[in-house]
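What follows is a set of notes on a single structure, which appears directly below.
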DNA sequence: GGCGCATGCTCAG
DNA sequence: TGAGCCTGCGCCC
């Protein structure tokens, strides 16, 4: 489930189990063997994430960059390593000791798993917009891009150069929560709306890190924000962790209108046509 | 057990 | 715009 919260949590888990230890590194599948041989037995200094990117830093400025893509997984287990199952591209094994248990981690199905130099890492980070999970991120950098673009805000939120770490679920949910039409051009959005949207993402992603999955429906806390939640069917609401994502054809929890879906740039949008009414520009109306 | 789909992104054309 | 990556899940049989 790789949106930003997944990577943030994964980096924490990897750091906890492997950081500051000499780690065995291998590539049972065979596609990362040369790099694995180079790293094997060296110290993994730290693991961190930025947006949907994962960085594991080894001694001597050697960094493994991982991007899970749509269906990559990096499963971390405590205990002695079991024989690899499936296409394990990268395996990390930490010995027990220092009061910490033995552990191993298997990476499968990732879009990217590569050894990169510090300059390359810098270039990669330069291409990313602010990450709502990183303290000190400057939302006005994202706003500069959004406010200058005629592209639909639904597309802009998913653009990692605008905002780092937002995927299809958070996009659909945050737009619903702020009653913004996903097809509305970025440059027609009000600055204050985007500011609220950003602060909401900060909170939603932090929830995702804490809970380990995406939950955007928090009935008591959200009453003020969503406004009409109290009119919704609380039983129905309580059964779903999200408002609109993948709920096409079902009734909106807030107003009862049928949730709609439409493809945008190869990804499915989900929105409520009544809570998020179609934006009409003044020029068009005149 | 098989099938289709998915929280993402890159590259060819 | 579409193929490719090649995992995991929910759904149907």
Is there a residue in the range A:63-70 that is touching a helix residue (DSSP H, G or I) at 6+ places or on another chain (Cβ under 7 Å), in a strand (DSSP E or B) and more than 17 Å from residue A:27 (Cβ to Cβ)? no
Only one of A:61, A:106, A:40 is farther than 23 Å from residue A:169 by Cβ and within 16 Å of DNA strand C (Cβ to nearest atom); which? A:106
Out of the residues in the range A:75-95 that are away from DNA strand C (no atom under 15 Å from the Cβ) and more than 21 Å from residue A:37 (Cα to Cα), state the one that is surrounded by the fewest Cβ atoms within 10 Å (Cβ to Cβ). A:79
When every residue in the range A:13-27 that is part of a helix (DSSP H, G or I) and without any contact (Cβ under 8 Å) to a residue 40 or more places away in the chain is compared, the one surrounded by the fewest Cβ atoms within 10 Å (Cβ to Cβ) is A:16
Can you give me the ranges of the helices (runs of 4 or more DSSP H) entirely in the range A:182-286 with at least 3 residues that are under 26 Å from residue A:162 (Cβ atoms) and modelled with pLDDT of 95 or more? A:191-211
Selected residue [within 16 Å of DNA strand B (Cβ to nearest atom) and surrounded by fewer than 15 Cβ atoms within 10 Å (Cβ to Cβ)] from A:69, A:30, A:51: A:69
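The values are calculated or read from the model by the stated rules, or taken from the named source; none is laboratory data. For clarity, every value in this text was computed on a predicted model and none was experimentally measured. Quick reminder, even Gly has a Cβ in these numbers, built from the backbone with ideal geometry, and neighbours come from all protein chains shown.
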